[in-house]
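Here's the structure, in structure tokens; my notes come after.
The values are calculated or read from the model by the stated rules, or taken from the named source; none is laboratory data. Since the structure is predicted, the reported quantities are computational estimates derived from the model, not experimental observations. Note that each Cβ is placed from the backbone with ideal geometry, even for glycine, and that neighbours are counted across all protein chains shown.
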Number of protein chains: 6
Amino acid sequence: MNELKERIKRGEKLSGAIVSLTDPCLCEIFGNVGFDYIWIDMEHTYTSYKEVLCHLNAARSTGTPAIVRVPQNDLTATKKILEMDPDGIIFPMVRTADEAKELIDMTLYPPRGTRGFGPMRAIGYGRDDAQEYVDITSLELCRFVQIEHMDCIASLDEIAENDYIDGFIFGPNDLSGSIGEMGHVFDAPTVELVKKAIAILKAKGKYVGLVCGNSSETIKFWSDLGVDMITAGADWNFLYEQATRTLRDLREQHEKENRQ
Amino acid sequence: MNELKERIKRGEKLSGAIVSLTDPCLCEIFGNVGFDYIWIDMEHTYTSYKEVLCHLNAARSTGTPAIVRVPQNDLTATKKILEMDPDGIIFPMVRTADEAKELIDMTLYPPRGTRGFGPMRAIGYGRDDAQEYVDITSLELCRFVQIEHMDCIASLDEIAENDYIDGFIFGPNDLSGSIGEMGHVFDAPTVELVKKAIAILKAKGKYVGLVCGNSSETIKFWSDLGVDMITAGADWNFLYEQATRTLRDLREQHEKENRQ
Amino acid sequence: MNELKERIKRGEKLSGAIVSLTDPCLCEIFGNVGFDYIWIDMEHTYTSYKEVLCHLNAARSTGTPAIVRVPQNDLTATKKILEMDPDGIIFPMVRTADEAKELIDMTLYPPRGTRGFGPMRAIGYGRDDAQEYVDITSLELCRFVQIEHMDCIASLDEIAENDYIDGFIFGPNDLSGSIGEMGHVFDAPTVELVKKAIAILKAKGKYVGLVCGNSSETIKFWSDLGVDMITAGADWNFLYEQATRTLRDLREQHEKENRQ
Amino acid sequence: MNELKERIKRGEKLSGAIVSLTDPCLCEIFGNVGFDYIWIDMEHTYTSYKEVLCHLNAARSTGTPAIVRVPQNDLTATKKILEMDPDGIIFPMVRTADEAKELIDMTLYPPRGTRGFGPMRAIGYGRDDAQEYVDITSLELCRFVQIEHMDCIASLDEIAENDYIDGFIFGPNDLSGSIGEMGHVFDAPTVELVKKAIAILKAKGKYVGLVCGNSSETIKFWSDLGVDMITAGADWNFLYEQATRTLRDLREQHEKENRQ
Amino acid sequence: MNELKERIKRGEKLSGAIVSLTDPCLCEIFGNVGFDYIWIDMEHTYTSYKEVLCHLNAARSTGTPAIVRVPQNDLTATKKILEMDPDGIIFPMVRTADEAKELIDMTLYPPRGTRGFGPMRAIGYGRDDAQEYVDITSLELCRFVQIEHMDCIASLDEIAENDYIDGFIFGPNDLSGSIGEMGHVFDAPTVELVKKAIAILKAKGKYVGLVCGNSSETIKFWSDLGVDMITAGADWNFLYEQATRTLRDLREQHEKENRQ
Amino acid sequence: MNELKERIKRGEKLSGAIVSLTDPCLCEIFGNVGFDYIWIDMEHTYTSYKEVLCHLNAARSTGTPAIVRVPQNDLTATKKILEMDPDGIIFPMVRTADEAKELIDMTLYPPRGTRGFGPMRAIGYGRDDAQEYVDITSLELCRFVQIEHMDCIASLDEIAENDYIDGFIFGPNDLSGSIGEMGHVFDAPTVELVKKAIAILKAKGKYVGLVCGNSSETIKFWSDLGVDMITAGADWNFLYEQATRTLRDLREQHEKENRQ
């Protein structure tokens, strides 16, 4: 059973972060820290498919679910990722119901969808019965679409009818861009749009996620709007922040010494 | 001119951190943060030689000096690293004057030392005159030895006579181990040993470094003893710390929501 | 002269297997074993382009032809693969005659097709005359399309008119999916479809291939239908099978010892 | 300020070469040699995204601008490359004004274009203000389109109206193919087409580039037509040429010895 | 608790195989197959340290213990491997009691041994208390020495006194070489030597392992001598064997067809 | 039969160059150019063992012998390289007869030497009989020692008695360093030393090689001294040279245009 899917079904509040870099220890670190899931990003990153597999093994070694954002919304990328058996898959920048359906279909074997046959890690490389995987287990995958454009919200009622979608994840930055307010994510126009969309989703009993920065204020802001699943920050900005803090401590101490 | 060497000669207080992981952006991040130098570690890490080269390019792209701790105290490892032209090299676990001399000799071309000929990046892959590099520029390298064993302190007077050594870097953990106090770095036996060694080095006008964790307390503790160059923490523990802090913020917020 | 193309033209029965993993020794192993050709897969795998080049070098070092299944049916992927000079290229999931033509055109320089100029390994990195490659040698490539959908069989008469196609390779699993029988490849509906398609192809004197599992029964089943070129199994399932057999031997022996 | 953009604006004559291979020292070598810019190719090569990042760091470490030709003309590839902050981006095989606009739009944040949010190296991994990058700095990128098809020249008047395009780069080989003269780049039909296009571009005050081989004759030929920015040759053919010359020297000397 | 160590202490019969190649799925495959442990080899292989880390994550993701044979019997290689927290470590080619002690000491922190401080994965990258790891958990590692030389057997009484050694693993090939019978592992001289050594070890209650090929006969042969832990075959020979079997099936079938 | 060994035995004049970089196409390029052998360097480079295997496959794919200079003169490095089956192995910096014997012994199975058992590519991964490899084929390897120190020349009479050594390769730069003349390789002291050593070797009928730069003058200089096998230049300096020449051509042409 897919534990992440169970928790989503129960509507639990979940906390995650993004692995953007490629070192094979990153998912182990995030798993050890205790995140409820790890978001492995291929959209903005230089991570290769092999590195994603290493990340998935590392995440599983800590018992932490891992979800992968595909590098592109197409059949090939989706196929490669699904053969690696992540706990979930994320499609960025979805705009219409047709597009959502086409993407979700890529994750489903016929007759439900259009996924091609070729599971590897997903059937334990031979441990599991392939037919059972095709018929049953492959349905266990968590399927996420990202709401990053006002068009998507305009079609949200229709998109949300697709019962294979496990969660809807807001990307506030691109959403703000789509209404000509790029980057002004905390201003009224973007926030109102998010609120409106959350209302639509909640009315249908849907699970709502959001990806954002990791300041306490940012986390609080979005959490207060009723978001269930918050992915806050990425490895590289965690690194930048703590390194900055450490350098400040070092400089303060050095300056104190210099004054003495 | 090697800027790091100049700053060490002027006795400036310097701040650095360790890059243990392999992503090619890590040295750029640390450089952007503003560290005075970056310590690229090959002793405890899985970093390959090619990844070290990428790190050196990234560090240089930000104008930040990079020093490399060799994976082993031998001629081959030293040769490979030096052909890549780091700003400095660190030899761990030095114990005797003979050993120190042998290691430093590996960084010096004959007749000064035993380094073999084969510079690549160090001569700009053909841009610079090789003879000038052999005769002059290769001397610019910063050479560090690590004091990580009580035997080293017993021989420190003699070791410190070697004028090619630019700095002496304490490794308190292994030092504590060498006196049967493994890990008790803030207890009197280890601290007294460090103090004694600092006194010896300062009396000779030597430059003193130390590698430690990155808590404010730890930094203050060693800085107060008069250490000039502190390398505090590594990428993986910066990551672990900030990720932990972010997860705590997420959980607190989620719990608050749950209570409402 | 492309030896594989010659053998296909002569209608020889050929045996191959799939390299899905990335180790640079895999194609050498398969070549040493004696396969008539090696199928390097990029469709379901995490293999990078650089690893494909290593595979192609390894295959050639054993004198074994190598054919590459592209990661996606587009111009870019095709271009990158063709610059590496495989013995053949495979396009998965072809459905219509237009699609087949568009894909085959990507492998042909104008005026025959749409391939862009930029050969590297394909002209020996400078050893061969580029104009001769463009005009003549580039035609030597073996071009395969995969029959994995009932739509493809519906259009097969038309598709098979394209004389640049050297072989038609059945993918029974996806074919079964396309008629709502996903995975039931040995049941009548899928088998009848394959038989019908083979009849069409043989009537036109076309060369027929198929990719399947590697059990003796499976091989016999498809061979009996008149398939010329069978690609049976992949590295990872060879590994799983033999490892399972070895573990069984070890356990049996251990248990015998335990009983004594 | 983007130095390359400045030089282009001033209409300076620029010299570059192509890095097609993956070693992290290649851009450093080309930078040390003194090229005005380095063209990192992903169109015909096996270079991975991570290797492009290493190349960009290496180029920057020598103060040399680097421009990247995307592996495909799509949003995802463009996004990944732009997050790495090259000095410029090149879109190959542009044919129509709509296509040109769509591609250039991918490099521009809304409301100007369609670029998604997710800068990493482009904001110094946290050093720079993201909003400022979105609003201002991201405009600094050099945007190039390649003229490799007669259709492009037919639409050139219209394409050249797009003021975000900094330069137009001829690809004579593919251009010759588009008029059924593949490879005959120095024959009248292709040359006349180039001349005509240069006239159109110069009349509008546009900056004209061209990519070609590196023989003196080839360079002279295109330069004489008034091309401003010539990218001549790639790492692998430089290697092939000089290795050939060295082998010839060795053989001549050996033969002389043998005759004695 | 180290499960492998527990099973060894209980004298259980254990079955394993060697991972020599580098694909990140290999340990997952062997774990799924059900081996009691996986032997990751660095002695004869091209596997890098980073790939070992990936292997360890993959093994752990299946709950299978992994033991690593070091690339060289020195402090540096040992240190790097131990920071990655394998379940066990194997030292090849041990010959004398002093050498055995020196090697085992490298795995023990002072005052027990000479291991330097720098755990990464071994303390969960920050999850676990480092002092507790140094004092207690680090003792959990399984330590193996290989008996591959007659000198080792001559000193076996003494070597076996070292209580930190968890198991002794015969390497029959090199053992046969050490008595001038290279490769004749099933002939009397080598077999008698192994028997004699097993008798010494069993008399002291020691755990006995052996590494060999994976034919049923070979496994039976060594098992009958009372070996507890048999490591039979490696990934590359599993691949070679099954590929050979599959090719034979293909050829037989093709020939049958040809005869018809 | 090892073709390189045959040519050396016949005293043929041979021409080679060094591959120092890691791209998998480099050995194919050098093989296509037509060198008699390729020298793959691990002494001064960042090349990994896996990359060496890729190089060896690429070299073999062109039918060109490849010899590998080990990263260190020790048993482990030698073992790893030999398992990959190069055509030859080079030991740098040999100084005494004992050292030469110890190194050559590492390449020979007992009772001749000390090589451990574990061939992989060297037995075709299972294609060849391992016993035959141990007894016969493994002797086919070409074994080279480098003369890079005056001590080596002092012991040359004795070293040259070792009949397993196929060739002696001068490294003039380090040789000049060993007599306090670092880099002055064309001055009398170094040249006289080389001449003297060549006389010793030729008197014994030994095969003489030398590694040097690739200018015509340099090649002529050493060739005139009677050297049989000249390795002239490396990939990175070929690149630097031709890139410099191309940039000069570009600048000249641009300047001419500017003057018009």
Open item on the list: For the condition out of contact with any helix residue (DSSP H, G or I) (no Cβ under 6 Å at 6 or more places or on another chain), within 14 Å of another protein chain (Cβ to nearest Cβ), of a type in the set (Val, Ile, Thr) and farther than 30 Å from residue E:240 by Cβ, what is the one hit in F:179, F:198?
Closed with: F:198
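Answer with yes or no whether residue E:4 is closer than 21 Å to residue E:147 by Cα and in contact with a Gly (Cβ under 7 Å, 6 or more places away or on another chain).
Numbers: closer than 21 Å to residue E:147 by Cα: yes; in contact with a Gly (Cβ under 7 Å, 6 or more places away or on another chain): yes.
When the stated conditions are applied, residue E:4 passes them.
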Open item on the list: So, residue C:255, is that one more than 7 Å from every other protein chain (Cβ to nearest Cβ), out of contact with any strand residue (DSSP E or B) (no Cβ under 9 Å at 6 or more places or on another chain) and modelled with pLDDT under 95 or not?
Closed with: yes
Task: residue F:128 being over 20 Å from residue C:25 (Cα atoms) and surrounded by fewer than 20 Cβ atoms within 10 Å (Cβ to Cβ) - done: no
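Give F:213, F:171, F:167 a once-over and let me know the one that is away from chain B (no Cβ under 14 Å), touching a strand residue (DSSP E or B) at 6+ places or on another chain (Cβ under 7 Å) and of a type in the set (Gly, Ala, Ser).
Details: F:213 fails: away from chain B (no Cβ under 14 Å); F:171 fails: away from chain B (no Cβ under 14 Å).
Going through F:213, F:171, F:167 in turn, the sole match is F:167.
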Open item on the list: Looking only at residues that are within 14 Å of chain B (Cβ to nearest Cβ), among the aliphatic types (A, V, I, L, M) and within 14 Å of the chain's Cα centre (by Cα) in segment E:57-97, which one is nearest to residue F:73 (Cα to Cα)?
Closed with: E:70
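Within segment A:133-141, does at least one residue satisfy the condition of being of a type in the set (Ser, Thr, Tyr) and farther than 16 Å from residue A:2 by Cα?
From segment A:133-141, those of a type in the set (Ser, Thr, Tyr) are A:133, A:137-138; that's our starting set.
Subset that is farther than 16 Å from residue A:2 by Cα: none.
Within segment A:133-141 (the criterion being of a type in the set (Ser, Thr, Tyr) and farther than 16 Å from residue A:2 by Cα), the answer is no, since none of the residues qualifies.
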TODO: Return yes when residue D:205 is at pLDDT 95 or above, touching a Ser or Thr at 6+ places or on another chain (Cβ under 9 Å) and under 20 Å from residue D:11 (Cβ atoms) and no when it is not.
DONE: no
- [ ] Would you point out which residue out of A:36, A:129 is under 30 Å from residue C:181 (Cα atoms) and of a type in the set (Asp, Glu)?
- [x] A:129
- [ ] Only one of these is under 26 Å from residue C:49 (Cβ atoms) and away from every other protein chain (no Cβ under 13 Å): C:143, C:121, C:127, C:115. Name it.
- [x] C:143
- [ ] Spot the failing condition for residue A:97; the list is (1) touching a strand residue (DSSP E or B) at 6+ places or on another chain (Cβ under 9 Å); (2) surrounded by fewer than 24 Cβ atoms within 10 Å (Cβ to Cβ), and only one is missed.
- [x] (1)
Task: Pairs, first away from chain F (no Cβ under 14 Å) in segment E:227-242, second assigned to a loop (DSSP other than H, G, I, E, B), C-beta under 7 Å, six or more apart - done: E:228/E:11; E:228/E:13; E:228/E:207; E:229/E:207; E:232/E:213; E:232/E:214
TODO: Give segment E:14-36 a look and list any residue that's of a type in the set (Gly, Ala, Ser) and either more than 8 Å from chain C (Cβ to nearest Cβ) or farther than 24 Å from residue F:84 by Cα (or both), or say none.
DONE: E:15, E:16, E:20, E:31, E:34
Task: Test for residue F:105: is it over 23 Å from residue C:28 (Cβ atoms) and either modelled with pLDDT of 95 or more or surrounded by fewer than 24 Cβ atoms within 10 Å (Cβ to Cβ) (or both) - done: yes
Open item on the list: Residues that are more than 29 Å from residue D:252 (Cβ to Cβ), of a type outside the set (S, T, N, Q) and buried (at least 24 other Cβ atoms within 10 Å of the Cβ): does segment F:35-42 have at least one?
Closed with: yes
Open item on the list: Can you tell me which of (1) more than 8 Å from every other protein chain (Cβ to nearest Cβ); (2) buried (at least 23 other Cβ atoms within 10 Å of the Cβ); (3) assigned to a helix (DSSP H, G or I) is the one residue A:245 doesn't meet?
Closed with: (2)
Open item on the list: The conditions are (1) under 23 Å from residue C:20 (Cβ atoms); (2) modelled with pLDDT of 95 or more; (3) crowded, with 23+ Cβ neighbours inside 10 Å, and residue A:87 fails exactly one of them. Which is it?
Closed with: (3)
